[in-house]
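The values are calculated or read from the model by the stated rules, or taken from the named source; none is laboratory data. These figures come from a predicted structure and were not determined experimentally. Glycine also receives a Cβ, built like all others from the backbone with ideal geometry; neighbour counts cover every protein chain displayed.
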């Protein structure tokens with residue numbers, strides 16, 4: 001399983017995002033590896049119209065219908081066709097666990113799957129209490145790294161994270177600097193069920209080629 005976070009990259013926005021989703025779908029069909037595009041909320045409806053992949057959003061807010069300006073309403077993204085949402089990514093963290101808990105509750109209330117990010121095992125121990133669909137260990141200092149990955153720099157922490165999530169039957173997703181089949185293979189060997197990537201695919205000159213390279217790690 002590979003989550004591809006489009007973030008707000010130019011190649012992950014609007015028309016370019018549509019082209020990228022079509023590439024991801026072709027690779028998913030060819031390899032039978034589950035690939036989940038995680039797009040900007042404003043692009044969900046367009047993605048649903050052209051793809052059969054599960055489309056996720058990068059964030060929702062802990063809001064209900066009412067006088068709230070500029071927030072992402074869970075009801076709005078699920079009406080557009082989103083299946084799930086990221087929560088608590090290092091680039092969009094909640095100011096408190098209480099707000100994260102409310103956002104997660106709201107997402108589940110409307111029927112969204114959730115992947116909740118933890119920066120370390122201490123935070124992960126709190127996050128698993130929410131019983132998200134997926135939990136993710138992603139050290140923020142390695143997000144977007146061009147030189148190393150979580151699989152190379154912190155394999156022992158991945159093992160610890162797997163033990164934490166396994167105790168209550170949650171699948172673990174690993175992210176931060178993942179850029180090779182070796183990174184994927186190591187993460188899976190340590191007990192993760194999949195990886196989360198972003199720039200390695202979205203900003204690649206040849207996204208399909210790079211994605212196929214990552215998928216070799218599942219073999």
Scanning segment 1-47 for residues that are out of contact with any helix residue (DSSP H, G or I) (no Cβ under 9 Å at 6 or more places or on another chain), surrounded by fewer than 17 Cβ atoms within 10 Å (Cβ to Cβ) and under 13 Å from residue 57 (Cα atoms) gives 8
Please work out if residue 144 is surrounded by fewer than 16 Cβ atoms within 10 Å (Cβ to Cβ), modelled with pLDDT under 95, in contact with a helix residue (DSSP H, G or I) (Cβ under 7 Å, 6 or more places away or on another chain) and more than 26 Å from residue 167 (Cα to Cα). yes
For segment 84-107, which positions are without any contact (Cβ under 8 Å) to a residue 40 or more places away in the chain and either over 20 Å from residue 193 (Cβ atoms) or in a loop (DSSP other than H, G, I, E, B) (or both)? 88, 92, 93, 94, 95, 96, 97, 98, 99, 100, 101
Within 15 Å of the chain's Cα centre (by Cα) and over 30 Å from residue 78 (Cβ atoms), is that true of residue 177? yes
Matching residues in segment 171-190 (closer than 12 Å to residue 135 by Cβ and surrounded by fewer than 21 Cβ atoms within 10 Å (Cβ to Cβ)) number 1
Looking only at helices (runs of 4 or more DSSP H) that lie completely in segment 108-205, which have at least 2 residues being closer than 20 Å to residue 9 by Cβ? 199-202
Of the residues 73, 53, 112, only one is modelled with pLDDT of 95 or more, within 16 Å of the chain's Cα centre (by Cα) and surrounded by fewer than 22 Cβ atoms within 10 Å (Cβ to Cβ); which? 53
